[in-house]
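Below is one structure, written out as C-alpha cells; the observations come after it.
The values are calculated or read from the model by the stated rules, or taken from the named source; none is laboratory data. Since the structure is predicted, the reported quantities are computational estimates derived from the model, not experimental observations. Cβ atoms come from the backbone with ideal geometry, glycine included; neighbour counts cover every protein chain shown. Quick note on the areas: whole protein, heavy atoms, side chains included, nothing else; ligands and nucleic acids left out. Shrake-Rupley method; radii C 1.70, N 1.55, O 1.52, S 1.80 Å.
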Amino acid sequence: AGGAWTAALTDMTDWCTIESDPGVFTELVEQMGVKGVQFEEVYSLDSGSMQALGEVHGLIFLFKWQQDLAQQDDRPTASGYEDHLFFAKQVITNACATQAILSVLLNSEKVELGEELSNFKGFTKEFDSETKGLAISNSDLVRTAHNSFAPPDPFMSDNKRVATKDDDLYHFIAYVPVAGKLYELDGLKPGPVLLGELPQGADWLEAVAPAIQARIERYSQSEIRFNLMAITASRADELRKQIASLAEGDAALAERRQQLAVEEQKLARWKAENVRRKHNYLPFLINLLKVLAEKQQLVPLIDAAKERQKQRAAAGGGAK
C-alpha cells in the first residue's frame, strides 16, 4: 500500500510518498503535460454534491489499508477488458496515488494527455497489467513529476525503514466509467473489478456512490480517515469559455467573472502552497538562530519558552 502523507526521498530511483491534496495532484499532472483538468475534494456522496463538480473524468479514493479486509474482499476481477481499459498492477511502493490518477487519465477519452503521456499510453497498450506497472515504474516523466513533491530533508537516513504491522498504511484506488461499464481499479488486485453496466445516459456518479459507501461501511464507525477526490474538467477554462460566449451587458457576465476570479485565486493559492512544500527552510532557521545568539537573545527566548511551558503544564494539572 502507498502512503498519504509526506516522507523523504532517498534516491531518484525511489518514489516518495506525497500529500493527498488537490493542489498537489493538480500540479503533478500538469508536470506530466496534462492540460485542462483539476482535482476537487468530495465531501458528500449525495447527488447534489456530485452534480456540482461538473464534468468528472474519474474519482480517486484514499482509505486505510488493512490486510484482513483486503483478504475478505472476494469479488471476482474482470476479464476481457484489455481492448478498452488501461489497468496496471502496482509494482512499486509509495506510488499508489500517482497510479490511481493515471488509471483515470489513461482511461478518459476527454483528457488532453500531452505528447509524452499519449505516447506512453500507446506504447503500453498491448502490455499485460504487470508489464504496464513496470512501465509506470520506469517512466522518467511520471517518476520525476511524482518525486518533485519530495520535501528537502537534510536529516534523512540512508537506511530505508520497512513498514511493520503496527504502522498505519493508506492506499489509493480509482473509479472510472469506461465503454459503458463502471470499474474499480486497484493496483494491488490481479485485475479490475467490474461494478456494473452503465445504461445509455446513466449518471455514473450516482452509480458509483453505493460502492464507495459500502467500502466505507466495512470499517468501524470510529474510522474517519477517508479522502475522496474528483478529477474534473478545469473550472477556470470552462468559465473563460462561458465568458467569451456572453455579450457585454448580459446579466450572467458579472457573475461568471466573479466566479473566475475566485477560481484563479484558489489556483494561485495552490501554487504558493506547493512552493512552500518543496522549499528547504533549514538554512533560514539556522541563520535565524545564529543572529539571535549573536544578539544575546537566543537563551532568554529559550528560557521564556520553558517558563511558558511550565505555566501551561501547571494550569492543565490544576484543571484536573
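The figures follow:
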{"item": "Solvent-accessible area, 1.4 Å probe, carbon plus sulfur percent, for the chain", "result": "53"}
{"item": "F120 - accessible surface, heavy atoms, 1.4 Å probe, Å² rounded to 10", "result": "20"}
{"item": "Other-chain or far-sequence residues with amide H under 5 Å of L195's (modelled H)", "result": "L182, Y183, E184"}
{"item": "L102, L298, reordered so the largest accessible area comes first (probe 1.4 Å)", "result": "L298, L102"}
{"item": "Mean separation of Cα contacts under 8 Å, 6 or more apart, over the residue count of the chain: relative contact order %", "result": "28"}
{"item": "Longest exposed-site-free window of the chain, the sites being GluC sites (Glu not before Pro) in a DSSP loop that have at most 10 other C-beta atoms within 10 Å", "result": "127-247"}
{"item": "Protein-only accessible surface order, largest first, of K132, K110, K271 at 1.4 Å", "result": "K110, K271, K132"}
{"item": "Gap separating the Cα centres of the range 195-269 and the range 76-123, nearest whole Å", "result": "21"}
{"item": "Out-of-range pairs (alpha-carbon distance over 19 Å; input K64/K271; K110/K241; K89/K121)", "result": "K64/K271"}
{"item": "Accessible area (Å², 1.4 Å probe, nearest 10) - R277", "result": "60"}
{"item": "Ranked order, T93, T77, T17 - accessible area, probe 1.4 Å, largest first", "result": "T93, T77, T17"}
{"item": "³J(HN,Hα) computed for each position of the range 241-250 - Karplus, 6.51 cos²θ - 1.76 cosθ + 1.60, integer Hz, glycine/proline x", "result": "5, 5, 5, 5, 8, 9, 8, 4, x, 5"}
{"item": "For N119, net neighbour charge (Lys/Arg +1, Asp/Glu -1) across residues whose Cβ lies under 15 Å away", "result": "-2"}
